[in-house]
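Here the structure is laid out as structure tokens; the discussion comes afterwards.
Any read-out appearing in this document is the output of simple, stated calculations on the displayed coordinates, not a laboratory observation. Since we're looking at a predicted model, the values are computed, not measured. Reconstructed Cβ throughout: ideal geometry from the backbone, glycine too, with neighbour counts over all protein chains shown.
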Amino acid sequence: MLKSLSLIVAVLAGMPLAAEPMGLGRDAMPDEIAAWDIDVRPDGLGLPAGSGSVAFGEEVFVESCATCHGDFAEGVGRYPALAGGIGTLQDERPTRTVGSFYPYLSTVWDFINRAMTVGYGPELSDDEIYAVTAYLLYSNDLVGDDFVLSRENFTSIHLPNEDGFYMDNRAQVELPRFRHHACMSDCKSSVEITMTVENLGE
């Protein structure tokens, strides 16, 4: 058995990779790509047309979201709160909510659209998602009760913790710093262990 397995591995290891396409499948159609292309960016790219008021959002939230998140987005049981917690991020047990932690309003929209309407509750229309997002802003004291959220004013809303996040710049900063040849001259004559896990806290 082992000899046969070794032979198969050896044969497969020597097989060249296919140089030409195998003729399987086809290019995705534009409407098929559009069906998957539902993400929303912080600059508003990807937002559908629509709008929703705080008042309508409260109705939708109570009907579709409150079972887990509470009528006022305060959280129920093990399900997280979506409101409150502002100023707690430096605490030992911070409360991470839309108001205290999320960086961009597009994060709220995207999460409701991608996750909360799939498997956890009824599918919501674009207007209903705008409305629920508006209600969450209101629940975090970020807008008034007469506020109406739409694609046109979406990017004018800035969440309190927006500056708590920054773009991933490792390709520009870290990679160049560590891409160099290892020094192989003037090395230490001996290597000593100066610290162990056991005495790390001493």
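Less than 5 angstrom separates the built amide H of T88 from those of T95, all sequence-distant by 5 or more or on a different chain. Computed from backbone phi with θ = phi - 60° and the Karplus coefficients 6.51, -1.76 and 1.60, the 3J(HN,Hα) list for region 66-79 is 5, 4, 9, 9, x, 4, 10, 6, 8, x, 10, x, 7, 7 Hz; x is used for glycine and proline. Our summary gives region 51-167 a relative contact order of 37 percent, counting only alpha carbon pairs under 8 angstrom and 6 or more residues apart. By the count of neighbouring beta-carbon atoms within 10 Å, fewest first, I193, I33 end up ordered I193, I33. In the chain, taking the dipole from charged Cβ atoms about the Cα centre, the farthest positive-side position among G50, G144, T117 is held by T117. Got a sec? How would R26, R177 order by Cβ neighbour count within 10 Å, fewest to most? Fewest to most other Cβ atoms nearby, the residues stand as R26, R177. For the chain, the mean residue ellipticity at 222 nm estimated from helices alone is -9000 deg cm²/dmol, where every DSSP H run of n ≥ 4 contributes -39500 (n - 2.57) and the total is divided by all residues, rounded to the nearest 500. Scaling the Cα radius of gyration of region 139-202 by the globular reference 2.2 N^0.38 Å produces a ratio of 2.40. Taking only the Cα atoms of region 51-167, the ratio Rg/Rh comes out at 0.94, with Rh defined as the Kirkwood radius.
From the Kirkwood radius over Cα pairs of the chain, Stokes-Einstein at 20 °C and 1.002 mPa s returns a whole-number translational diffusion coefficient of 97 µm²/s. For region 166-182, putting each phi into the Karplus relation 6.51 cos²θ - 1.76 cosθ + 1.60 with θ = phi - 60° gives couplings of 9, 5, 6, 10, 4, 5, 8, 9, 7, 4, x, 5, 9, 8, 8, 6, 5 Hz, in residue order, rounded to whole numbers and with x for Gly and Pro.
Distant-in-sequence amide contacts of V148, defined by a placed amide H-H separation under 5 Å and a gap of 5 or more residues or a different chain, comprise nothing.
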